[in-house]
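Here is the structure we will look at.
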Amino acid sequence: MLKNYILSAVRNFSKARFYSSLNILGLSLGFAAVILIVLYVQDEFGYDRHNLNHRQIYRLESHFSIGEMDDRFAIAPMPLGPAFRLEFPEVLAMARFGKINDLHIRTHDAEYYENGFYYADSTVFDIFTHEFLLGSPKNALTEVNSVVLTESLAKKYFGNENPLGKTLQTGLGHSVSVSAVIRDLPNNSHMRYEALISMVSAARGNLQDFNSFEAVNFWNIGVFTYVMLHPSAEPSAILSRFDAFYDKYMRSVGEQINASFQPMLRPLAEVHLYGKLKADLPAGNRSYLYVFMAVALFILLLAAINYVNMATARSARRAREVGIRKVAGAHRGQLMLQFITESVLMALIALVIAIALVQLFIPEFNVLSGKEISFSILKQPVFFAGITALVLVVGVLSGVYPALFLSSFKPVNVLKGSFASAASGGGSKSGRLRKVLVVFQFWIAFVLIIGTLVVGNQLQFLREKNLGFQKDNLIVLQLQDTAFRNRAQSFKEALLQHPSVEGVTNASGVPGMSGAITVMRIEVEQGWEEQAIMWTQADEHYLKVLGISLVQGRDFDPAMGTDREEAAIINEAFAKKYGWADNPLGKRIHFNFELDGSGGRVLKVIGVAKDFHVNSLHNVIEPYIIMMNTAPRYLMTVRVKENQLPEALTRLNETWNIYAAGRPFDYKILSDQLQTQYESEEKIGLIFRLASALTIFIALLGLLGLSSFVAEQRTREIGIRKVLGASVFSLFRLLYTEFAILILLAFVLAVPFAWWRLLVWLESSFVYHTQLNFATFLLAGFMAACAGIVAISFHLIKVVQANPVNTVKYE
């Protein structure tokens, strides 16, 4: 029986090649898109689950409140992990990672700058799962100046040689010896380190002093800390006992600086998607994953809707077949099974094509998504089973309504040719259903097109918004070591000799590569108030080189003997927040003071800078202080003349080689660095563009099929109207009106939903964002309507232009 159904389905596909091709193409594209999105989502939700103990591992995070600042950090105080291990029996092990930025590494024949090096405790291998290729986890990080390399980094440095015992010279002022080699971490690890240097190296061999439980040490954060809990332990039970821990280790300092602290324990599997903390590693966005899954569902629905529409539209052609089968004794269940078999078979054919498309496009998909996803059906039987089940469900659901509709035809009416009444009310109901489904298709298309345009507008807004400083034509050089920084003034003067250089400034932070946050005492009416303030140290050229303007007061002046020790420039946000807006000049700020309030430097405000964005546009502009350098700093920022960036880089490289003692040229283009803050938005913008294009294409396939059916059904009517004198314009109006009304209705329904969701996204993701305007929505409507008209016109123009003598004879 099933064999007969399959043969019947193949014959019907062959008879209706055009409609079958449209359905299979739409389903193939839909399935391919779903497979790619599911692979992406699966990879994102699978972060860190390769660790055998991932259900017991938690990241220890920090919630600080200091004055009016209330912030959550991904990093924790240095002694917090060891103290937790000591005070809470549920903690079986703890390990810390300290990031080493732009580390200079020298091998016997080459030099590199690396960003994948971390200091780590030797206990890291007790908590996290690693495959050791050389060496042993027991003593890999126990010795001072020992380093564990990943396989790829070991090959980069030493080729096929055995790296164990080999030495690397570092910019940290000491050399390290390779103690082990591990397999490269999976791509979906939230922490992608390439090398681990023993934590005892950072402590200069004395971890006891390094891990000192002195109260002040608990108020300086700097390391990623992980704990492994007993399988039966409840994180909430540990946190509920933290008050006693706080009293013992932290309260004495917290009361002095008007601060409080609360730890947070985040499950390892949630770190990548549920973080959004300060000082965090690059992370995913679960909200965007839900959007991607919704897009996948929409695309699949569109493809299924096309099948339902075309199957019911072609019901007249299948009606005689149904009538004859019923007269021959077929009951309704058999007919339904036949039509559902056709639908499932078509879905399975589409799946095979979709798998081929995925195999073809997976490399490009990885480039666009930044993933390293591999796709092999044979190696992923569970995934394949799930996708196959989904395809069968889609096939069955897509075929159910056509099966019910076609199998309900009454054989007496069918064989008389009364197709309109062949199913009790079926003709009008199927027509209404087709209209509803077309409206739904274009509703989805409008929502995605509007989303694409708004996301594009926001990305353009992010690129073009005035940040309060001139971000273009700025090159940031990183002076790695103390010896180089001691030559900073000579290096700076040499840079200024180049004709392509307009200015140079030396500072500890620039926008996008900001300075530190420190507790300072702010002068208020009631006396002094402790607050956590963001700050940087810079020379007298900082404001000019970055293009930051002053709204009050003056800039730093080296000729003023007190500026270097006492002068401070604040931003407008600082003056406003602390009530200094009317008269900020001369106000005092106590910096670097002792716990008893003594020592440090008392700064006086000499100027107020116009607000500028130190962080991304996701964040509000916060109070900021610029102090004058008391010593050479880490960053040298160079402003080059317009359109002379390539020439300037060549000249800077030459000068660098003179002063940097052979270190590789290390620079960043500031505008590019700032743009990396919006990688997630760039990614969702790309996904929206691709999804919108695919959605429109599938919707147009449906319109193409329906317009073909309409043209076929109304050929004779059009011929008669032309003979009776109907104009071409009136005929087009007759044929287009029904489709135009459906598209317009979809647009009207899509606009409020899209407006609401996009407004929520903009306001929840960005403090500063573009404004929604109706012109964007009208543009989306115009684009979709034009595409729809083109698809409809493909067949209708042929009918309208046909010779009426021939069309009247049409059967």
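The values are calculated or read from the model by the stated rules, or taken from the named source; none is laboratory data. Quick caveat, the model's predicted, so the values are computed rather than measured. With ideal geometry, Cβ positions are generated from the backbone for all residues, glycine too; neighbour counts draw on all protein chains shown. Accessible surface areas use protein heavy atoms only, side chains included; no ligands, DNA or RNA. Shrake-Rupley method; radii C 1.70, N 1.55, O 1.52, S 1.80 Å.
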MRE, 222 nm, helices only [DSSP H, n ≥ 4, -39500 (n - 2.57), over the chain, to nearest 500]
-16500 deg cm²/dmol
What one gets for the range 503-637 as the Kirkwood radius, inverse of mean 1/r over different Cα pairs in Å, is 14.9
Over 20 Å (Cα to Cα) among 587/610; 471/587; 544/610; 576/610 -> 471/587
Testing the spin-label approximation: label points 7 Å from Cα along Cα→Cβ at residue 63 and residue 110. State their distance in nm.
4.7
Tell me the carbon and sulfur percent of the accessible area for the chain, rounded to whole percent, probe radius 1.4 Å.
57
Only four residue types carry charge here, +1 at the Cβ of Lys and Arg and -1 at the Cβ of Asp and Glu. Report the dipole size of the range 608-656 about the Cα centre in Debye, rounded to the nearest 20.
120
Sorted by accessible area (1.4 Å probe), largest first, how do 232, 287 line up?
232, 287
Positive-end residue of 528, 517, 490, charge dipole of the range 451-553 with Cβ unit charges
490
I want the antiparallel fraction of DSSP beta bridges within the chain, as a percent rounded to 5.
80
Under the Debye formula (equal points on every Cα, no solvent term), log10 I(q)/I(0) of the range 451-552 at q = 0.10, 0.12, 0.13, 0.19 Å⁻¹:
-0.46, -0.63, -0.71, -1.08
With +1 at each Lys and Arg Cβ and -1 at each Asp and Glu Cβ, the charge dipole magnitude of the chain around its Cα centre, to the nearest 20 debye, comes out at 5600
Solvent-accessible area per residue, Å², over the chain with all protein chains present [probe radius 1.4 Å]
45
Using DSSP to define loop residues, name the trypsin sites (Lys or Arg not before Pro) in the range 242-288 whose beta-carbon has at most 14 other beta-carbon atoms within 10 Å.
276
Using 32 Å as the Cα-Cα cut-off, could you pick out the over-long pairs in 155/668; 155/276; 99/248; 156/641; 276/604?
155/276; 156/641; 276/604
Using 0.36 nm per residue, how much length does the chain from residue 658 to residue 262 gain when fully extended, once their Cα-Cα distance is taken away?
137.6 nm
So how exposed is residue 528, as accessible area in Å² (1.4 Å probe, rounded to 10)?
90
Stokes-Einstein D in µm²/s, Kirkwood radius over Cα pairs - the range 57-208 at 37 °C with 0.692 mPa s viscosity
199
Based only on Cα atoms, what Rg/Rh ratio does the range 571-617 have, Rh being taken as Kirkwood's radius?
1.06
Report the full-extension gain for the segment residue 287 to residue 17: residue separation times 0.36 nm, less the Cα-Cα distance, to one decimal in nm.
93.1 nm
Compute log10 of I(q)/I(0) for the range 188-278 with the Debye formula, placing one identical point scatterer on every Cα and leaving out solvent, at q = 0.13, 0.20, 0.21, 0.25 Å⁻¹, to two decimals.
-0.65, -1.30, -1.32, -1.31
Labelled set [x] 27.6, 92; [y] 28.3, 112; [z] 34.2, 108; Rg and Dmax of the Cα atoms in Å computed from this model equals the value at [z]
Aspartates and glutamates within cross-link reach of residue 278: Cα-Cα under 19 Å, excluding same-chain residues under 8 positions apart?
61, 68, 70, 71, 270, 622, 679, 681
Debye calculation, C-alpha points only, no solvent: report log10 I(q)/I(0) for the range 528-581 at q = 0.16, 0.21, 0.25, 0.32 Å⁻¹, in the same order as the q values.
-0.58, -0.96, -1.22, -1.38
Students sometimes get this wrong: rank 143, 342, 566 by accessible area, probe 1.4 Å, all chains present, largest first.
143, 566, 342
Per the charge dipole of the chain (beta-carbon charges, Lys/Arg positive, Asp/Glu negative, Cα centre), the residue among 684, 586, 250 reaching farthest to the positive end is 684
Distance between the range 460-492 and the range 334-378 - C-alpha centres, whole angstrom:
49
Approximate spin-label separation residue 241-residue 433, in nm, with each point projected 7 Å along Cα-to-Cβ:
6.3
For the range 532-581, with the dipole built from +1 on Lys and Arg beta-carbon atoms and -1 on Asp and Glu ones, taken about the Cα centre, which of 537, 573, 548 lies farthest toward the positive end?
573
